[in-house]
Amino acid sequence: QQVEMDFKIMLDPENTDNKAGLKHPNDKTRLPLITKKKSSPMCSQKAGKGPTVTSPWVLPAFHSLGLPLALMEGDTPKSTLSFSGQRLILAAAKRTLPVPPVVSRAAPFPEFPRQHKKSAVAIYDPYSSSRGNTAPLPSSNSTQKSKAEWRYPAQQLESPSQAAQPSQDPFLHWDTAVHQKAPAFLPLQHHHHSSLGRALGFLEPTEKLLKDLTPPLATIDNQKSAQTARDLDFRENPTKNDNVSVIKNQSGVEKILHRAGQGSSAGAAAGMQRCCDHGQQQQQWAAGVISSCWRSRNHLARLRNALRGARHRHLENFYSRAKHLAANWNRIRTSRRTIIHIPSLGYSQHIREHIPDLPLQQNLQMGRLCDILDANVDVIYICPLALSEELLQYYHKLLGLQAAVRSGNPQDMADLQDRFKILTPEAINSFPEHHMCLATVLKYSPRTLQKLQVLLQGRDAYLVGGVPHLDDLAVADELQVPLLGSEPAVAQLYSTKSGSKRIFASAGVPTPPGEWDIHSREQLLRALSQLVLDHLEVQRWLFKVDDERGGNGTAFCDVISHLECYPWILRERQGHGPEVWSESQARELALVKISQELPGLLAQHVQPVNEKRFPTWEKFLQTFLTQGGVIEAFPFSASVTNLTVDLLIEPTGEVTLVSSGDQLHAEGPLRSSGTTIPQRSVDPEVLKVLCSKIGEACKSKGVLGYFSVDFVAFTHPQTREQQVWATDLDLCYSDQLALTQLLMYMTDGNLDCGSSCLQGPLGSK
């Protein structure tokens with residue numbers, strides 16, 4: 001009964017009736033594994049939850065060895081059984097399986113790489129190069145009476161038939177020739193070396209007999225075979241009984257040989273044909289999977305190539321249109337033109353995810369609408385929010401007030417609806433969880449793009465973005481207009497804190513003492529220790545994350561106030577004198593003392609500006625080291641002023657100052673809450689020289705369009721002279737510039753950044 005059931009399962013493994021015993025809830029059947037050739041001893045692992053494979057494009061993933069695997073039809077795809085064309089095997093088994101006399105050999109399959117090196121379920125292939133031990137399928141009676149149980153490879157599998165257990169080191173396997181180097185073969189070779197050829201001749205029919213049986217059925221009994229080799233008179237044609245006598249499970253083999261004699265050749269042929277048909281079906285299935293995988297892979301490769309090609313085309317067209325804009329700039333800037341404003345914050349994804357209410361933050365520059373102050377300019381403003389009808393009416397009335405301001409007569413308020421358009425992309429609510437910048441949202445808004453194309457027909461136009469993003473280039477290419485801005489890669493490189501330091505160093509302008517491109521804890525401690533020792537007058541040190549904006553990625557620490565060795569260092573420096581101190585061993589010792597104190601000092605006393613995002617120093621440090629950052633000295637003065645200057649690098653290469661303002665710090669010294677326009681903290685001529693140098697350095701790096709520079713001005717406590725440091729660079733259109741445009745529009749004034757003078761009309765009575 002057991003043999004018949006096993007035979008049915010092996011010949012038709014997909015038949016649900018044949019597998020009924022395998023799926024019984026109280027099934028004690030141990031499903032199986034073939035260990036690899038010369039595999040190392042397997043160790044048990046803790047049980048865990050195994051993966052479930054659902055993708056039809058990859059081979060099924062196999063559970064790891066330590067899993068208490070309950071093989072159910074839903075967990076194991078049919079393709080697992082189909083692909084094998086054989087049966088499943090359990091890992092710890094060292095028993096043989098009683099099998100029918102008919103040997104069905106499926107067509108060989110190409111081997112596929114498996115997803116796990118160790119697996120509790122493996123595909124059985126009798127014609128592969130792997131050898132291993134196999135487990136029996138218990139009888140149906142034991143299957144129904146006991147619960148499913150998992151055993152690890154070190155455990156033995158109990159069975160009513162102990163005679164089926166093979167030896168640990170047979171020299172004859174069902175799938176191989178005689179192992180002449182096996183330990184069990186050595187006694188035969190030693191005692192009968194003179195008649196070894198006859199001994200091998202006796203073993204050859206025994207080997208053939210075992211190969212004719214469906215594996216794994218039997219193995220040679222090592223001790224018995226050696227004894228037989230000593231005692232038998234090796235005859236020329238040994239009988240089948242002689243061959244069977246050296247097989248360990250002799251009785252089981254004799255029964256099956258007897259059944260084989262009774263079986264019909266027609267049944268065997270039918271079984272052979274059935275397995276061959278089954279193998280062909282599995283070949284077709286495997287070919288289909290391979291074909292699908294290749295089609296999917298090729299499709300993804302084509303998509304990647306298409307995307308790469310599109311990006312390359314956008315970049316080529318960006319530079320081509322930039323050249324055309326430069327060649328015609330003097331004409332365009334004085335003639336009728338349309339400016340498309342897209343106030344997009346194209347920061348990297350991890351930055352946008354931490355910007356609260358991103359659409360609102362992108363809409364802080366509606367002052368761009370005031371470009372219509374120039375009578376030759378029409379403005380199309382892409383709005384990241386759906387504005388209500390009341391809000392739209394408000395802006396229409398606000399922008400229509402200028403004529404009334406000039407004349408002093410409210411009745412002169414004009415209707416300028418034909419001078420500007422506010423468009424909201426239809427996809428603003430389509431990607432609520434993706435934190436897309438406005439340029440990307442517009443890219444996926446075909447109706448808005450189509451409307452823009454209609455509005456731009458036959459007009460000179462160019463696009464002014466915000467923080468540059470690759471999708472700015474895609475939108476500009478779709479609209480076939482030039483972009484007045486930098487290539488996104490250039491902007492991202494030099495807008496970081498470390499990138500701005502490179503620009504300032506190239507420009508040769510004064511900057512705070514510091515270090516940039518910090519990416520490791522050791523580098524940070526080494527750099528800060530050296531900076532503290534070189535600038536003992538600096539009380540506070542700043543830590544700025546490369547990609548963060550608006551003070552969110554800034555932390556500070558008053559190092560000197562908490563440095564215990566600071567008084568000793570001052571005494572040593574004073575005792576050695578300035579010249580000797582720089583070369584003294586005491587200075588080296590001071591560096592060691594500082595570096596030893598800093599880790600604990602920073603952990604206790606660093607204060608992030610945005611404590612909600614970075615509640616601890618470790619949280620801040622993790623982001624700092626991941627993105628990179630700078631260490632920078634805070635001015636050692638009681639009187640400190642921060643200011644921002646906006647500049648424009650025109651397509652012709654001319655650098656122009658367009659706005660300036662002193663920062664207001666309502667929330668602390670490291671966060672700007674607004675500006676007073678124009679700046680009045682620094683001599684305009686000094687500021688003009690610094691900005692000119694920075695502008696030329698930016699132009700040499702490929703920067704184009706609007707950008708802003710932050711400075712800090714303070715009075716040196718010893719020389720009493722004003723010092724100005726360049727501290728930050730943003731290669732984008734700033735909020736201050738948008739507010740300046742609004743200020744100029746509403747006051748009908750004139751801002752001269754060269755002299756930092758704002759002039760307004762006297763107005764009517």
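The values are calculated or read from the model by the stated rules, or taken from the named source; none is laboratory data. Because the structure is predicted, anything quoted here is derived from the model rather than measured. Ideal geometry is used to build each Cβ from the backbone, glycine not excepted, and the neighbour counts take in all protein chains shown. Side chains included, ligands, DNA and RNA excluded: accessible areas come from the protein's heavy atoms. Shrake-Rupley method; radii C 1.70, N 1.55, O 1.52, S 1.80 Å.
As a calculated quantity, the FRET efficiency between residue 453 and residue 335 at R0 = 22 Å, using C-beta atoms, amounts to about 0.60. Taking the charge dipole of the range 519-613 about its Cα centre, with +1 at Lys and Arg Cβ atoms and -1 at Asp and Glu Cβ atoms, the residue from 578, 559, 592 reaching farthest to the positive side is 559. Considering the zone a paramagnetic label at residue 375 would reach in this model (a point 7 Å from Cα along the Cα-to-Cβ line), which residues of the range 388-409 have amide N under 19 Å from it? Within reach of a label on residue 375: 399-409.
Taking each of 544/612; 497/693; 501/593 in turn, the alpha-carbon distance tops 20 angstrom for 501/593. Average accessible surface for the range 329-484: 47 Å² per residue, computed with a 1.4 Å probe over protein heavy atoms with every protein chain in place. Note that the range 519-613 presents 52 Å² accessible area per residue, ligands and nucleic acids not counted, probe 1.4 Å.
State the three equivalent ellipsoid semi-axes of the range 519-613, derived from the C-alpha gyration tensor as the square roots of 5 times its eigenvalues, in descending order and whole Å.
Values for the range 519-613, descending: 28, 13, 12 Å.
The stretch between residue 667 and residue 626, if pulled fully straight at 0.36 nm per residue, gains 12.0 nm over its current Cα-Cα span. Computed over neighbours whose Cβ is under 14 Å from that of residue 385, the net charge equals -4, Lys and Arg +1, Asp and Glu -1. A full extension of the chain between residue 284 and residue 489 corresponds to an added length of 68.9 nm, given 0.36 nm per residue minus the alpha carbon distance.
On the beta carbon distance between residue 565 and residue 521, with R0 = 22 Å, the FRET formula returns roughly 0.60. If the Kirkwood radius is taken over C-alpha pairs of the range 410-547, then at 20 °C and 1.002 mPa s the Stokes-Einstein diffusion coefficient equals 111 µm²/s. Counted residue by residue at 0.36 nm each, then reduced by the alpha carbon distance between them, the extension gain from residue 535 to residue 417 reaches 36.6 nm.
The calculated pair-distance distribution of the range 473-540 uses every alpha carbon pair, bins of 10 angstrom beginning at 0, and gives 16, 31, 27, 14, 9, 3 percent.
Note on the range 366-461: Cα Rg divided by 2.2 N^0.38 Å, N the number of residues, gives 1.25.
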